[in-house]
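Here's the structure we're looking at; comments come further down.
Read-outs: derived from the displayed coordinates by stated rules, not from any lab. Owing to the predicted nature of the structure, the values given are computational and were not obtained by experimental measurement. All Cβ positions, even for glycine, are placed from backbone atoms using ideal geometry, and neighbour counts span all protein chains on display.
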Amino acid sequence: MPRLEQFHIKIKTGERPLNEKPRYVINGFALEFDELSGGTDSGQTLEATGSPGSFPHTLLLCGPEEGTWDIEEIEATYYPRAEEPYTLRFDRVTLDSESDLNLWHPRPGPVYEV
């Protein structure tokens with residue numbers, strides 16, 4: 001498992017917005033993003049960068065403490081130490097106080113045509 005130096009996410013909010021500051025959890029530790037731009041109102045896109053500098057056993061995007069947050073799509077780019085970055089896309093999801101989204105997925109393996 002590579003050390004995750006940084007990750008960058010783009011989140012397009014759906015109908016129900018997030019009414020608080022977004023946060024993430026890595027290996028059980030809740031953190032705020034290092035950089036934020038854009039917004040989480042309905043139809044807006046948020047760009048956020050986290051710099052955990054750790055080996056991610058778990059990496060979660062937290063649901064709101066109150067209410068729900070509709071997410072249309074997420075694009076996450078991971079920057080592991082001594083490796084090329086890679087990007088994954090996530091489909092529509094709704095988060096609330098009882099749910100978080102697992103953002104940590106190792107680099108997909110190579111695909112070969114035979």
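Worth pointing out:
- The single condition among (1) without any contact (Cβ under 8 Å) to a residue 40 or more places away in the chain; (2) part of a loop (DSSP other than H, G, I, E, B); (3) among the acidic types (D, E); (4) farther than 21 Å from N27 by Cβ that E98 does not meet is (4).
- Looking across segment 11-21 at every residue that is over 11 Å from the mean Cα position of the chain (by Cα) and either free of Cβ contacts under 8 Å to residues at least 24 places away in the same chain or surrounded by 15 or more Cβ atoms within 10 Å (Cβ to Cβ) (or both), the one that is farthest from E73 (Cα to Cα) is identified as K21.
- Residues of segment 24-34 classified as buried (at least 17 other Cβ atoms within 10 Å of the Cβ) and part of a strand (DSSP E or B), total: 2
- Qualifying residue in segment 54-63 (condition: of a type in the set (V, I, T), part of a strand (DSSP E or B) and within 14 Å of the chain's Cα centre (by Cα)): no
- Considering (1) free of Cβ contacts under 8 Å to residues at least 60 places away in the same chain; (2) over 18 Å from L18 (Cα atoms); (3) acidic (D, E), the lone condition that E83 does not fulfil carries the number (1).
- Of all residues making up segment 1-21, the number that are part of a loop (DSSP other than H, G, I, E, B) and within 18 Å of D91 (Cα to Cα): 5
- Among (1) within 14 Å of L95 (Cβ to Cβ); (2) among the aromatic types (F, W, Y); (3) without any contact (Cβ under 8 Å) to a residue 24 or more places away in the chain - the single one Y24 does not satisfy: (3)
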